[in-house]
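A.B. asks: First the structure, then my questions, so here it is.
The values are calculated or read from the model by the stated rules, or taken from the named source; none is laboratory data. Only a predicted model underlies this, so the values are computations on that prediction, with no experimental measurement involved. For neighbour counting, all protein chains shown are included, and Cβ atoms are generated from backbone atoms with ideal geometry for every residue, glycine included. Please note that ligands, DNA and RNA were not included when accessible areas were found on the heavy atoms of the full protein model with its side chains. Shrake-Rupley method; radii C 1.70, N 1.55, O 1.52, S 1.80 Å.
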Amino acid sequence: DQIIDYTHGRKHTFFEGRDKPVTHIDFTHPYSEPLRWRIMAAAKSANEPIMHTGVYAATQGPRLETAAEINRLERDGAAMVGMTGMPEAGLARELKLDYAAIAVVANQAAGRGDSREAEEMDAIYKTLELGMNRVRNILDKLVAQNGR
């Protein structure tokens, strides 16, 4: 339900240039609450477990984080780390579009659990593939709930 942006060098606004005045957006709650609740209902209907709250740390990528970076992100309050979500969430807010995230946990992060010594990329890709099947299951229910 929250995001911390650690990215850099990405276009973060549609409002750049002489013909586009700076436009500030309220980003207190970066995700659309009504959409989040619909996603959670769809996950329940699909019998897919889902976390309702948590802080997502959006990192630059494409490299994975170091163990020290993961420790810092945890101290910052992050429960999940990934490379997407920003600037998408802010851009969606600028356009007044509902936006929410369904994130897949693909590994325990550098220095943690099975990733204590190194990240096994093959295992990450396999987990992502399984996770994306679960996401599609949730999205199928979400679309069905909205009658489309």
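A.B. asks: Scan 19, 98 and give me the residue that is open to solvent by 40 Å² or more (accessible area, probe 1.4 Å), part of a loop (DSSP other than H, G, I, E, B), at pLDDT 90 or above and among the charged types (D, E, K, R). Break it down into steps so the answer makes sense when it comes.
C.D. replies: On the way: 19 fails: at pLDDT 90 or above.
Checking each option against the conditions leaves just 98.
A.B. asks: Tell me, which residue of region 101-145 that is open to solvent by less than 80 Å² (accessible area, probe 1.4 Å) and in contact with a Ser or Thr (Cβ under 7 Å, 6 or more places away or on another chain) is farthest from residue 59 (Cα to Cα)?
C.D. replies: 141
A.B. asks: A further question follows. Please state which one of 78, 57, 43 is part of a strand (DSSP E or B) and either among the hydroxyl-bearing types (Ser, Thr, Tyr) or at pLDDT 95 or above (or both).
C.D. replies: 57
A.B. asks: What single numbered condition from (1) in contact with a Ser or Thr (Cβ under 7 Å, 6 or more places away or on another chain); (2) within 27 Å of residue 27 (Cα to Cα) fails to hold for residue 95?
C.D. replies: With (1) in contact with a Ser or Thr (Cβ under 7 Å, 6 or more places away or on another chain); (2) within 27 Å of residue 27 (Cα to Cα) applied to residue 95, the lone miss is (1).
A.B. asks: Further question: Among the numbered criteria (1) part of a helix (DSSP H, G or I); (2) closer than 21 Å to residue 12 by Cβ, which single criterion is violated by residue 103?
C.D. replies: With (1) part of a helix (DSSP H, G or I); (2) closer than 21 Å to residue 12 by Cβ applied to residue 103, the lone miss is (1).
A.B. asks: Still on this structure: Can you confirm whether region 74-83 contains a residue that is open to solvent by 50 Å² or more (accessible area, probe 1.4 Å) and small (Gly, Ala, Ser)?
C.D. replies: So far as region 74-83 goes, yes, one or more of its residues are open to solvent by 50 Å² or more (accessible area, probe 1.4 Å) and small (Gly, Ala, Ser).
A.B. asks: Still on this model: If residue 28 satisfies every condition in (1) part of a loop (DSSP other than H, G, I, E, B); (2) open to solvent by less than 20 Å² (accessible area, probe 1.4 Å) but one, which is the exception?
C.D. replies: All conditions pass for residue 28, except number (2).
A.B. asks: Got a sec? Which of 139, 73 is under 18 Å from the mean Cα position of the chain (by Cα), within 19 Å of residue 7 (Cα to Cα) and not in a loop (DSSP other than H, G, I, E, B)?
C.D. replies: That would be 73, the only listed residue that is under 18 Å from the mean Cα position of the chain (by Cα), within 19 Å of residue 7 (Cα to Cα) and not in a loop (DSSP other than H, G, I, E, B).
A.B. asks: I'd like to check something: does region 51-73 contain any residue that is surrounded by 15 or more Cβ atoms within 10 Å (Cβ to Cβ) and acidic (Asp, Glu)?
C.D. replies: Yes, region 51-73 contains a residue that is surrounded by 15 or more Cβ atoms within 10 Å (Cβ to Cβ) and acidic (Asp, Glu).
A.B. asks: Test residue 88 against the criterion of being touching a Phe, Trp or Tyr at 6+ places or on another chain (Cβ under 9 Å), open to solvent by 60 Å² or more (accessible area, probe 1.4 Å) and among the acidic types (Asp, Glu), and give yes or no. Please lay out each step first, then the result.
C.D. replies: Working: touching a Phe, Trp or Tyr at 6+ places or on another chain (Cβ under 9 Å): yes; open to solvent by 60 Å² or more (accessible area, probe 1.4 Å): yes; among the acidic types (Asp, Glu): yes.
For residue 88, the condition - touching a Phe, Trp or Tyr at 6+ places or on another chain (Cβ under 9 Å), open to solvent by 60 Å² or more (accessible area, probe 1.4 Å) and among the acidic types (Asp, Glu) - is met.
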